[in-house]
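The values are calculated or read from the model by the stated rules, or taken from the named source; none is laboratory data. Quick caveat: nothing in here was measured; it's all calculated off a predicted structure. Here the Cβ positions follow ideal geometry from the backbone for every residue, glycine too, while neighbour counts run over all protein chains shown. Quick note on the areas: whole protein, heavy atoms, side chains included, nothing else; ligands and nucleic acids left out. Shrake-Rupley method; radii C 1.70, N 1.55, O 1.52, S 1.80 Å.
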Amino acid sequence: MSAVLLPLRLGVNIDHVATLRNARGGGHPDPVRAALLAVASGADGITAHLREDRRHIRDADIERLMAALTVPLNLEMAATGEMRAIALKHRPHACCIVPERREEVTTEGGLAVAGQEAALGPLIDDLSTAGIRVSLFVDADLPQLDAAAALGAPVVELHTGRYCDARPGPGRAEELNRLRTAAEHAAAIGLECHAGHGLGFDTVGNIAAIPAIVELNIGHFLMGEALMTGMKEAIGRMRTLMDRARADAEGLEAS
Ligand code: PXP
């Protein structure tokens with residue numbers, strides 16, 4: 001009997017369209033238009049990170065995305081009172097809680113869930129009560145996964161940045177193993193497992209082939225590639241690579 005893997009969803013992060021817009025002020029290019037194009041090109045959901053400093057996505061973008069989208073919106077946000085209030089006001093499909101430092105260029109590492117239970121627990125409870133699916137962005141570190149499960153978070157997103165940044169070779173293979181082990185552990189303790197950060201055409205296949213991972217969130221590479229070839233081509237190729245790797249993994253599972 002052949003093993004049928006869970007489908008793999010693609011969430012497209014449109015933050016960098018807002019970065020480009022903000023470079024000149026005004027409204028062009030519009031991240032909401034980009035989101036709709038991404039959906040038309042094969043995205044299963046849209047991800048946007050409302051940072052404390054509003055360097056890319058702004059409050060009005062969240063409002064407009066909520067009004068325009070027919071697919072799930074995954075709002076990435078820091079665990080602050082301000083973001084909690086914004087999430088509860090808009091009630092997106094999902095909130096991914098990320099660590100945030102003002103001076104960082106991008107989200108550099110996963111959340112330290114273990115040790116921050118007192119701050120994260122009430123936030124997870126409040127968002128969950130409002131019907132929002134809460135995800136915690138963590139490194140491939142088993143104690144963090146255990147802490148996420150203990151707090152009742154239904155989802156974790158594994159940070160794939162170290163894997164993507166590692167040079168091809170033993171270092172990258174080791175990072176991939178860590179991600180695989182973490183994803184298997186997450187599934188074994190009842191967590192839905194997502195992954196993202198830094199993924200591109202050359203790195204997505206090995207991550208898509210991990211059966212326990214059911215969603216990838218990809219932004220920077222896809223938006224950069226869309227500048228060169230268009231959204232349809234960039235997202236279409238990413239989907240093909242994901243789906244092909246998944247189908248190959250399914251074949252291996254079955255044999
Ligand atoms: N997932 C999370 C939680 C993130 O913070 C980011 C970056 O905003 C991504 C995925 C997407 O990363 P990238 O833009 O490198 O594809």
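Side notes on the structure shown:
- Screening 241, 176, 191, 252 for residues that are touching a Gly at 6+ places or on another chain (Cβ under 9 Å) and at negative phi leaves exactly one candidate, 241.
- Qualifying position, being over 25 Å from residue 227 (Cβ atoms) and of a type outside the set (S, T, N, Q), among 62, 57, 86: 86
- Some residue of segment 95-113 being within 11 Å of the ligand (Cβ to nearest atom), touching a residue at least 60 places away in the same chain (Cβ under 8 Å) and either open to solvent by 70 Å² or more (accessible area, probe 1.4 Å) or not in a loop (DSSP other than H, G, I, E, B) (or both): yes
- For residue 227, the criteria (1) modelled with pLDDT under 95; (2) assigned to a helix (DSSP H, G or I) hold in every case but one, which is (1).
- Failed item, numbered, when residue 228 is tested on (1) more than 23 Å from residue 149 (Cα to Cα); (2) hydrophobic (A, V, I, L, M, F, W, C); (3) open to solvent by less than 60 Å² (accessible area, probe 1.4 Å): (3)
- Output for segment 1-52, where each listed residue is over 23 Å from residue 195 (Cβ atoms), in contact with a Lys or Arg (Cβ under 8 Å, 6 or more places away or on another chain), within 16 Å of the ligand (Cβ to nearest atom) and open to solvent by 40 Å² or more (accessible area, probe 1.4 Å): 52
- Scanning segment 126-140 for residues that are surrounded by 23 or more Cβ atoms within 10 Å (Cβ to Cβ) and of a type in the set (Ser, Thr, Tyr) yields a total of 1.
- Count of residues meeting criterion [open to solvent by 20 Å² or more (accessible area, probe 1.4 Å) and within 12 Å of the ligand (Cβ to nearest atom)] in segment 202-222: 3
- Number of positions in segment 141-177 that are surrounded by 22 or more Cβ atoms within 10 Å (Cβ to Cβ), among the acidic types (Asp, Glu) and in a loop (DSSP other than H, G, I, E, B): 0
- From 188, 183, residue being closer than 16 Å to residue 138 by Cβ, out of contact with any Ser or Thr (no Cβ under 6 Å at 6 or more places or on another chain) and free of Cβ contacts under 8 Å to residues at least 12 places away in the same chain: 188
- Residue that is nearest to the ligand (Cβ to nearest atom), among those in segment 69-86 that are outside any loop (DSSP other than H, G, I, E, B) and open to solvent by less than 30 Å² (accessible area, probe 1.4 Å): 76
- Test: residue in segment 239-253 that is within 30 Å of residue 117 (Cα to Cα), in a helix (DSSP H, G or I) and either within 14 Å of the ligand (Cβ to nearest atom) or open to solvent by less than 30 Å² (accessible area, probe 1.4 Å) (or both): no
- Restricted to segment 227-238, and to residues there that are in contact with a Leu (Cβ under 9 Å, 6 or more places away or on another chain) and touching a residue at least 60 places away in the same chain (Cβ under 8 Å), the residue that is farthest from the ligand (Cβ to nearest atom) is 232.
- Any chance residue 55 is on the phi < 0 side of the Ramachandran plot and within 14 Å of the ligand (Cβ to nearest atom): yes
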